[in-house]
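Values in this text are rule-based calculations from the coordinates and carry no lab data. The structure displayed is predicted, hence computed values, not measured ones. FYI the Cβ positions are ideal-geometry reconstructions off the backbone, even for glycines, and counts take in every protein chain you see.
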Amino acid sequence: LAKSAYTKECFKLFFIDELINLVFIYTNQDIQRQRENYKNKTSANLSDLTLSELNALFGLLILAAALKNNHLTTNLLFDSSFCGNRYRATMSEKIFCFLINCLRFDDRTTRLQRKTKTKLAPVSVVWDILMINCKNNYKPSSYVTIDEQLVGFRGRCPFRMYIPSKPTRYGIKIVMMCDNATKYVIDSIPYSGKGTVPNGQVAADFYVKNLVKSIKGSNRNLTEDNFLQIYHLFNHFYMTINLRL
């Protein structure tokens, strides 16, 4: 990853035009679907999304995360006395809520068919593109770690988990391979409940073998969580990756 890259340039390395265009098409599909439920179909809030508006929406979401405002309600985000005018200057609260409600990452008309293959159907295409970009735009250091993380999420999701020992408790479990030096996510696999691991495979084998594909043969040092400690993995990675448990 080029050290001279600016924030916008870095964003474009991961959220490439192909990914943005998919979100753009699928979001407009949902806007058109929702438009049929309104009597006034010419309302400004129901007009098709433009690429500029989509980039502005992503910009607001990134800004909220950078300023640690992403835990606030929408009302507070757009309250000038609480967060200033930085959000209101980009778009109105009403349009923001409507676009968030319509934001889609897949073709809704084929989702049921694709769900028979993966529970990640609503985001799988975009997720795969993002993971490819994460691997292609970064050179890991000598030490990497594979561990699981519960990413906080309280929305509707068939494989949302409740783990009382975790700080967030409710969320989606993701098994990640990260760089020890920078905490960069090199690759990751979301746990989508029963069926995530193919029949006949040990969970540790499945996660580790798939996550290390991009660094296999590089003689990097790999540290694993207790959950992933399987003796015969040593034989599989011997002379290719130094395993540390």
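Summary table below
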| read-out | value |
| --- | --- |
| Using θ = phi - 60° and Karplus 6.51 cos²θ - 1.76 cosθ + 1.60, couplings along region 193-208 (whole Hz; Gly, Pro as x) | x, 4, x, 4, 8, x, 4, x, 9, 6, 4, 4, 4, 4, 5, 5 |
| Descending semi-axes in whole angstrom, ellipsoid equivalent of the chain, from the Cα gyration tensor | 37, 21, 18 |
| Per-residue ³J(HN,Hα) for region 119-129, Karplus 6.51 cos²θ - 1.76 cosθ + 1.60, θ = phi - 60°, Hz, x for Gly and Pro | 6, 8, 3, x, 9, 4, 5, 5, 4, 4, 4 |
| Gyration tensor over alpha-carbon atoms, region 29-134, equivalent ellipsoid semi-axes in Å | 27, 21, 11 |
| Distant-in-sequence amide H partners of Y191 (H built 1.01 Å from N, under 5 Å) | K173, I174, V175 |
| Positive-end residue, region 81-199 charge dipole about Cα centroid, Cβ charges, pick of I189, T110, L130 | T110 |
| Length gained when the stretch Q149-K12 is fully extended (0.36 nm per residue, less Cα-Cα span) | 46.8 nm |
| MRE, 222 nm, helices only [DSSP H, n ≥ 4, -39500 (n - 2.57), over the chain, to nearest 500] | -11000 deg cm²/dmol |
| Cα-projected label distance for D128 with T168, points at 7 Å along beta-carbon direction, nm | 2.4 nm |
| Part-to-part distance (alpha-carbon centres) for region 121-153 and region 49-67, which is given in Å | 21 Å |
| Excluding exposed DSSP-loop chymotrypsin sites (Phe, Trp or Tyr not before Pro) (at most 13 other C-beta within 10 Å), longest clean stretch of the chain | 39-152 |
